[in-house]
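**Q** What follows is a structure written as structure tokens; I'll ask about it next.
The values are calculated or read from the model by the stated rules, or taken from the named source; none is laboratory data. Just so you know, these numbers come straight off a predicted model, no measurement behind them. Positions of Cβ are backbone-derived with ideal geometry, glycine not excepted, and every protein chain shown enters the neighbour counts. Each accessible area value is taken on the protein alone, full model and side chains, heavy atoms only, with ligands, DNA and RNA left out. Shrake-Rupley method; radii C 1.70, N 1.55, O 1.52, S 1.80 Å.
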Amino acid sequence: SWAVLALKAANLLGHERYRQGIRFLKDRILDSGGSNYGNKVVLGKSLEPVPIPSAMTLIALQGEALNPQISNSLEYIIKTVELRNDIQDVAWGIIALSLWNESRQYSGIIDEAIPWVIHEISSNSDNDVSVNDLALGLILQNLKDHNPFEVRKLADSVAFSRSEEHTSELQSLA
């Protein structure tokens, strides 16, 4: 997921490594939706989806055509966000949903879940708040104005993505 995001940010959408990454991520989505940390099946047993890898897959696949796998993954993330069992699961789910929210269909779910995450983080004592939770809380507080994982904005913020010299270097590495 991170590699696909980096290639998108560097505007290397036509690169073979980018296309391989997209195919790989789509291949790893479970039929019922969501992703695990790798394979879909181990020792003949289908694996269950895991919230953060599922959200990261959706974040990386932003802008791709909606298909049944992605729709099922979005449904899985909606359930995860609505259950509100874990700060990071919900936060990454919100970030993913916000990137697939062109017609504002997830706005209600997002608007209801953000205050829960912020409350959960702020209700922990200072010693119990992880750096990851704090960072996710800060991202969510500003999500309506700026989603740092939105590829269009991400590409604009990567200064070297516009430089032919660095793009050539990246293409040779990919």
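**Q** Subtracting the Cα-Cα distance from 0.36 nm times the residue separation, let me have the gained length for ASP27 to GLU102 in nm, one decimal.
**A** Difference between extended and current length: 24.6 nm.
**Q** How big is the Kirkwood radius of the stretch 2-71, worked out from every pair of different alpha carbons and given in Å to one decimal?
**A** Details: mean 1/r = 0.0800 Å⁻¹.
For the stretch 2-71, inverting the mean 1/r across all distinct Cα pairs yields 12.5 Å.
**Q** Using the per-residue mean of other Cβ atoms lying within 10 Å as a proxy for protection, in what order, highest first, do the peptides 93-100, 134-141 fall?
**A** Per-residue Cβ counts within 10 Å, averaged per peptide and sorted highest first, yield 93-100, 134-141.
**Q** Looking only at trypsin sites (Lys or Arg not before Pro) in DSSP loops with at most 13 other Cβ atoms within 10 Å, what is the longest site-free stretch of the chain?
**A** 1-103
**Q** Could you give the size of the charge dipole of the chain about its Cα centre, using +1 on the Cβ of each K and R and -1 on the Cβ of each D and E, expressed in debye and rounded to the nearest 20?
**A** 600
**Q** Considering the chain as a Gaussian network with a 10 Å cut-off on Cα pairs, which listed residue, SER73, SER122, SER32, attains the greatest mean-square fluctuation?
**A** Taking springs between Cα atoms under 10 Å, the residue moving most is SER122.
**Q** Let me ask something else about it. So what is the calculated 222 nm ellipticity per residue for the chain, using -39500 (n - 2.57) for each DSSP H run with n of 4 or more, over all residues, to the nearest 500 deg cm²/dmol? Can you show the working numbers first?
**A** Details: 9 runs with 105 residues, N = 174.
Calculated mean residue ellipticity at 222 nm is -18500 deg cm²/dmol.
**Q** Tell me the carbon and sulfur percent of the accessible area for the stretch 89-128, rounded to whole percent, probe radius 1.4 Å. Write down the numbers at each step before the final one.
**A** Values: 870 of 1990 Å².
C and S fraction of accessible area: 44 percent.
**Q** Also: Taking the simple approach of a point 7 Å from Cα along Cα-to-Cβ for both ASP145 and SER122, what is their distance in nm?
**A** Reported label-point gap for ASP145 and SER122 is 1.6 nm.
**Q** Of all the stretches in the chain, which is the longest one without any exposed loop site, taking GluC sites (Glu not before Pro) in a DSSP loop (any state but H, G, I, E, B) with at most 15 other Cβ atoms within 10 Å? Please list the in-between numbers first.
**A** Numbers: sites that count: GLU64, GLU102.
So the longest stretch without any such site is 103-174.
**Q** Let me ask something else. With equal scatterers on the alpha carbons only and no solvent term, can you work out the Debye log10 of I(q)/I(0) for the chain at 0.11 1/Å?
**A** Debye curve over Cα of the chain, log10 I(q)/I(0) at q = 0.11 Å⁻¹: -0.50.
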